[in-house]
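The values are calculated or read from the model by the stated rules, or taken from the named source; none is laboratory data. Since we're looking at a predicted model, the values are computed, not measured. Using ideal geometry, Cβ is built from the backbone for each residue, glycine included, and neighbour counts are taken over all protein chains shown. Quick note on the areas: whole protein, heavy atoms, side chains included, nothing else; ligands and nucleic acids left out. Shrake-Rupley method; radii C 1.70, N 1.55, O 1.52, S 1.80 Å.
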Amino acid sequence: MSGQSKLSFDGGWEYSAAPQDTSMMQLEKQYGLFIGGDFVAPEEGGYFDTVNPATEEKLASVASATDADVNRAVKAARKAFEGPWSKMSAADRGKYIFRIARMLQERSREFAVIESLDGGKPIRESRDIDIPLSAAHFFYYAGWADKLQYAFPGRSAQPLGVAGQIIPWNFPLLMAAWKIAPALACGNTVVLKPAETTPLTALKLAELIRDADLPPGVVNIVTGAGETGSAIVQHDDIDKIAFTGSTAVGRSIQQSLAGTNKKYTLELGGKAANIIFADAAIDQAIEGIVNGIFFNQGHVCCAGSRLLVQEAVADEVIQKLKDRMETLIVGNPLDKNTDIGAINSSAQLERIESYLRLGQEEGAEMHQSSRSVPDAGYWCRPTLFTGVAQSNRIVQEEIFGPVLAIQTFRTLEEGVTKANNTPYGLSGGVWTDKGAKIFKMTRAIRAGVIWANTFNKFDPTSPFGGYKESGVGREGGLHGLSAYARLENRA
Ligand code: NAD
């Protein structure tokens with residue numbers, strides 16, 4: 001691995017490595033496509049490698065699904081929908097989903113290790129956030145399966161049929177859970193495609209689903225890149241498309257779905273602002289900012305990638321942030337001390353680095369932590385920009401890396417105007433001692449989720465989704481359930 005046994009801090013003391021045991025993890029050398037309850041070889045697409053971004057070593061080879069494979073998966077899903085799944089009692093459907101949730105909890109450490117190996121995120125995060133939240137989503141939606149008649153008063157909820165689901169690489173298992181759990185609870189069947197750089201936890205989930213004895217074809221998992229996703233979107237026998245990913249791809253999917261009968265939800269990019277008022281608890285806010293943009297390498301759609309700080313406390317906040325950045329450990333994702341893991345792929349690292357150059361060309365001042373990073377693998381030190389203008393591309397565009405653009409404001413109104421001045425509207429954060437200010441800000445900011453005096457908090461009962469170019473529809477909670485149902489007025 002990236003080999004850091006001792007980490008020294010400026011203060012002179014040293015930090016011993018705390019490596020995560022990996023002996024419980026089992027990976028095959030090669031994975032086929034999970035279709036009709038079993039792993040099958042791709043018809044003609046061959047295989048591609050998935051690598052560990054912290055070491056650049058190959059982890060496994062994974063099948064690349066073509067149109068023919070997607071067609072097989074959709075047929076298996078249709079057969080399961082018309083066969084056992086939609087005819088099963090809702091209580092029994094719920095039992096299967098509960099079983100998946102329990103099995104995921106039992107195998108949580110194995111899933112966490114694989115998530116960190118394949119995606120580069122620190123084990124602390126996959127262990128404490130990704131996997132427990134994934135299980136929580138299955139538990140939550142399992143509970144709704146036999147209570148659908150109470151979920152939407154006056155209306156009955158019918159399944160849509162076959163759902164095609166396409167997910168990104170930043171929260172691989174969690175995004176799979178967000179999509180599969182409500183779909184199954186409503187009686188749909190699924191064809192899911194994970195991102196090409198992080199397919200392994202979805203494939204492990206396929207194994208778990210097989211072990212849970214789910215009827216064959218209820219969940220199908222096909223791997224591949226954008227063409228495989230496109231084959232799902234274009235398939236005639238799919239009733240609903242659920243996509244999470246970039247705004248550019250989401251837009252093209254929306255265009256190709258126009259005029260079809262397919263229902264869709266699109267969860268897209270973000271450029272959230274953390275807004276700090278002078279009356280905020282500053283040290284607490286610093287932790288919120290660090291959590292919002294630096295943890296998980298800034299690979300978070302709702303990352304607090306902008307900071308709006310009230311002028312009176314700007315110098316103090318920026319200095320405290322710089323000090324805190326020096327203490328953040330960038331390195332081996334499987335070390336329990338690590339704060340910032342590996343960037344997910346070389347392509348993503350290039351993209352982040354191009355924004356670092358761009359920010360400086362635009363005239364902003366860049367500051368990076370001075371911490372060392374490992375030699376092999378893809379790494380980016382935590383970075384902040386000051387002296388940025390609202391029109392700068394580093395303020396307007398999603399970078400998806402540990403890069404923070406800082407602006408100041410004087411009045412509440414100016415803070416709101418600046419916060420709203422991007423094409424996105426996924427999330428935001430408000431830091432203040434005054435409750436009234438919180439309510440004012442949360443009404444004025446056009447974003448789907450706004451946290452107050454905290455950041456990046458998730459719960460399966462709570463809907464999540466964006467305004468403007470951040471997407472269409474909501475996932476999570478009852479809203480997420482309704483996205484997988486045809487609601488009919490009761491007679
Ligand atoms: P991406 O759009 O490149 O890819 C997402 C998925 O779509 C991948 O599985 C990819 O293979 C597939 N895909 C690519 N081209 C396709 C096409 N033409 N048709 C169908 N599928 C296609 O995004 P990414 O780089 O993997 O993920 C990062 C993006 O995801 C960021 O913009 C982030 O903000 C967004 N995201 C949003 C949310 C949310 O809930 N709003 C959550 C997580 C990530």
**OP:** On a 0 to 90° scale, report how tilted helix 435-444 is relative to the longest principal axis of the chain, with both axes built from alpha carbons and the result rounded to the nearest 10.
**Re:** 60 degrees
Subject >> Cα shape, the range 14-137, gyration tensor, a/c 1.5 rule >> reply: oblate
Subject >> Anisotropy class of the range 156-249 from Cα gyration tensor, a/c 1.5 cut >> reply: oblate
**OP:** Just subtract the alpha-carbon distance of Ser370 and Ala278 from 0.36 nm times their residue separation and send over the number in nm, one decimal.
**Re:** 30.3 nm
Subject >> R0 of 25 Å, Cβ-Cβ distance Asp315-Asn421: FRET efficiency to nearest 0.05 >> reply: 0.60
Subject >> Per residue accessible area in Å² of the range 273-460, where ligands, DNA and RNA are left out and the probe is 1.4 Å >> reply: 37 Å²
Original post:
Amide H to amide H under 5 Å from Gln165: which residues, 5+ apart in sequence or cross-chain, H placed 1.01 Å off N in plane?
Top reply: Val191, Leu192, Lys193, Ala242
**OP:** Answer rounded, prolate or oblate for the range 296-374, using the Cα gyration tensor with square roots of eigenvalues a ≥ b ≥ c: rounded when a/c is under 1.5, else prolate when a/b is larger than b/c, else oblate.
**Re:** oblate
Subject >> FRET E, pair Tyr47, Lys147, Förster distance 51 Å, beta-carbon r, rounded to 0.05 >> reply: 0.75
Original post:
How many percent of the accessible area of the range 273-460 is carbon or sulfur, using a 1.4 Å probe?
Top reply: 47 percent
Original post:
Spin-label point model (7 Å from Cα, Cβ direction): what's the Val40 to Tyr467 distance in nm?
Top reply: 4.6 nm
**OP:** Quick one: angle between helix 90-106 and the longest Cα principal axis of the chain, in degrees between 0 and 90, rounded to 10, please.
**Re:** 50 degrees
Subject >> Förster-model FRET efficiency, 25 Å R0, Glu488 and Lys95, C-beta, rounded to 0.05 >> reply: 0.45
Original post:
What is the set of long-range amide H partners of Tyr467 at a cut-off below 5 Å, with H atoms built 1.01 Å from backbone N?
Top reply: Gly425, Leu426, Gly448
Subject >> Cα-based convex hull volume of the range 91-163 per residue, rounded to whole Å³ >> reply: 107 Å³
Subject >> Label-point separation, Thr22 to Gln396 (7 Å along Cα→Cβ), nm >> reply: 4.3 nm
Original post:
For the modelled label position 7 Å from the Cα of Lys440 along Cα-to-Cβ, which residues of the range 386-419 have backbone nitrogen atoms closer than 20 Å?
Top reply: 408-419
Original post:
What ranking, highest mean first, results for peptides 334-343, 67-76, 361-370 when packing means the other Cβ atoms within 10 Å averaged over each residue?
Top reply: 334-343, 67-76, 361-370
Subject >> Computed over the chain: relative contact order in percent, which uses C-alpha pairs under 8 Å that are six or more apart >> reply: 18 percent
**OP:** Output ³J(HN,Hα) for the range 209-223: one whole-Hz value per residue in order, computed from phi by the Karplus curve 6.51 cos²θ - 1.76 cosθ + 1.60 with θ = phi - 60°, and x for Gly and Pro.
**Re:** 5, 5, 5, 7, 6, 4, x, x, x, 5, 10, 10, 10, 10, 9
Original post:
From the backbone phi of the range 456-464, what are the Karplus-calculated ³J(HN,Hα) couplings (6.51 cos²θ - 1.76 cosθ + 1.60, θ = phi - 60°) in whole Hz, Gly and Pro given as x?
Top reply: 6, 9, 10, 8, x, 7, 9, x, 9
Subject >> Residues whose placed amide H lies under 5 Å from that of Tyr264, excluding near-sequence neighbours >> reply: Ile241
Original post:
Want the number for Thr411 to Arg357: 0.36 nm per residue separation, take away the alpha-carbon distance, what's left?
Top reply: 16.3 nm
Original post:
What is the helix-to-structure angle for 172-185, meaning the angle in degrees between its Cα long axis and the longest Cα principal axis of the chain, kept from 0 to 90 and rounded to the nearest 10?
Top reply: 40 degrees
Original post:
Fully extended, how many nm does the chain gain between Ala452 and Lys322 (0.36 nm per residue separation, minus their Cα-Cα distance)?
Top reply: 44.5 nm
Original post:
Residue-wise, which Karplus ³J(HN,Hα) couplings in Hz belong to the range 280-294, taking 6.51 cos²θ - 1.76 cosθ + 1.60, θ = phi - 60°, and x for glycine or proline?
Top reply: 6, 6, 5, 4, 5, 5, 4, 5, x, 5, 4, 4, x, 10, 8
Subject >> Theoretical ellipticity at 222 nm over the chain - DSSP helices of four or more residues, -39500 (n - 2.57) apiece, nearest 500 >> reply: -11000 deg cm²/dmol
